[in-house]
1. Please enumerate the residues belonging to region 98-119 that are without any contact (Cβ under 8 Å) to a residue 40 or more places away in the chain and not in a helix (DSSP H, G or I).
2. Taking R220 and the conditions (1) crowded, with 20+ Cβ neighbours inside 10 Å; (2) away from the ligand (no atom under 12 Å from the Cβ); (3) not in a strand (DSSP E or B), which numbered condition does it fall short on, given that it satisfies the others?
3. Return the residues of region 182-209 that are surrounded by fewer than 17 Cβ atoms within 10 Å (Cβ to Cβ), touching a helix residue (DSSP H, G or I) at 6+ places or on another chain (Cβ under 9 Å) and over 17 Å from R10 (Cα atoms); say none if nothing qualifies.
4. Looking at (1) under 29 Å from L50 (Cβ atoms); (2) out of contact with any Asp or Glu (no Cβ under 8 Å at 6 or more places or on another chain); (3) more than 12 Å from the ligand (Cβ to nearest atom), which is the only condition E88 fails?
5. Any idea which residue in region 8-27 is farthest from the ligand (Cβ to nearest atom), counting only those that are among the aliphatic types (A, V, I, L, M) and loosely packed, with under 13 Cβ neighbours inside 10 Å?
6. Could you tell me which numbered condition A210 fails, if it satisfies all but one of (1) among the small types (G, A, S); (2) assigned to a strand (DSSP E or B); (3) under 20 Å from Q90 (Cβ atoms)?
7. Quick check on region 136-192: of everything there that is free of Cβ contacts under 8 Å to residues at least 24 places away in the same chain and not in a helix (DSSP H, G or I), which residue is nearest to P44 (Cα to Cα)?
8. Could you list all residues from region 138-149 that are surrounded by fewer than 19 Cβ atoms within 10 Å (Cβ to Cβ) and either small (G, A, S) or farther than 12 Å from N39 by Cα (or both)?
Amino acid sequence: MPLDQAIALRRSVRGYLPAEVPEQTIRAVFQLAQAAPSNCNIQPWIAHVLSGESLRALGERMVAASEAGIPPDPDFSADRRFTGVYRERQVDAAVQLYGAMGIERHDRPRRDWAYRRNLNFFGAPHAVLVFMHGAFEEREAVDLGIYAQTLMLAMTARGIASCAQGALSLYPTIIREHLGLPPSNRLIFGISFGYEDGGVAANRARVGRAELDQSVVFHR
Ligand SMILES: Cc1cc2nc3c(=O)[nH]c(=O)nc-3n(C[C@H](O)[C@H](O)[C@H](O)COP(=O)(O)O)c2cc1C
């Protein structure tokens, strides 16, 4: 698939078929994503790929924690309040997503249910949890973002759907315990992936983008 097409086709998919992606295909996309650039080539991403029982058990634990009202304890603050145009874009994305799912704005129980689907990887058969070393900050987080997009485009080119999820970083203590990782591995986001289930209502959501001139200023 041409790169332009992969960029245009990639979108966040929030409902998956149970079929697993063949292991050699998974290894191939992660191998390709190793080519992502990073500051001083330090390659700060630490990626843990989960499938099968490991993924299922972790999803259950996170959903149970959320249902029990255990407060999230993300390594990086998730307590964002957007204002102005950023708030408008956030609301528009929520309107598209919840609209596709037929959930009213003030239907708190169903919105909570929809949000909790994040913690179960939207039913995906695989997920990657992306960590970086505790000493790293914003600059290295940039590298992780570039890595994530490289990975998702490599997946798109092979017909594999994905969704980047900050929500997967809400319970890092549970996740580190599950994976046997030390606290020095800080979790920043996860990406669920697999084959899209076209029958899931959430997958009908489409979000737009700002006009070019609202984001890019050309100088000469
Ligand atoms: C770093 C990052 C974190 C995200 N976190 C979530 C999330 O927790 N849950 C979710 O459903 N979507 C999440 N998204 C997906 C965004 O909502 C989505 O990328 C945006 O609305 C644009 O839509 P598109 O990906 O379909 O083009 C995240 C995306 C990124 C890049």
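1. Answer for region 98-119, where residues must be without any contact (Cβ under 8 Å) to a residue 40 or more places away in the chain and not in a helix (DSSP H, G or I): I103, E104, R105, H106, D107.
2. Of everything listed in (1) crowded, with 20+ Cβ neighbours inside 10 Å; (2) away from the ligand (no atom under 12 Å from the Cβ); (3) not in a strand (DSSP E or B), R220 misses just condition (1).
3. Scanning region 182-209 gives P182, P183, A201.
4. Against the list (1) under 29 Å from L50 (Cβ atoms); (2) out of contact with any Asp or Glu (no Cβ under 8 Å at 6 or more places or on another chain); (3) more than 12 Å from the ligand (Cβ to nearest atom), E88 comes up short only on (1).
5. Looking at the filtered set, the residue picked out is A19.
6. Just one mismatch for A210, condition (2).
7. Residue satisfying both the conditions and the ranking: E137.
8. A141, G145, Q149
A short reminder: the numbers here are calculations on the coordinates, not readings from a lab. Predicted model, so just to flag it, every value in this text is computed and none were measured. Note that each Cβ is placed from the backbone with ideal geometry, even for glycine, and that neighbours are counted across all protein chains shown.
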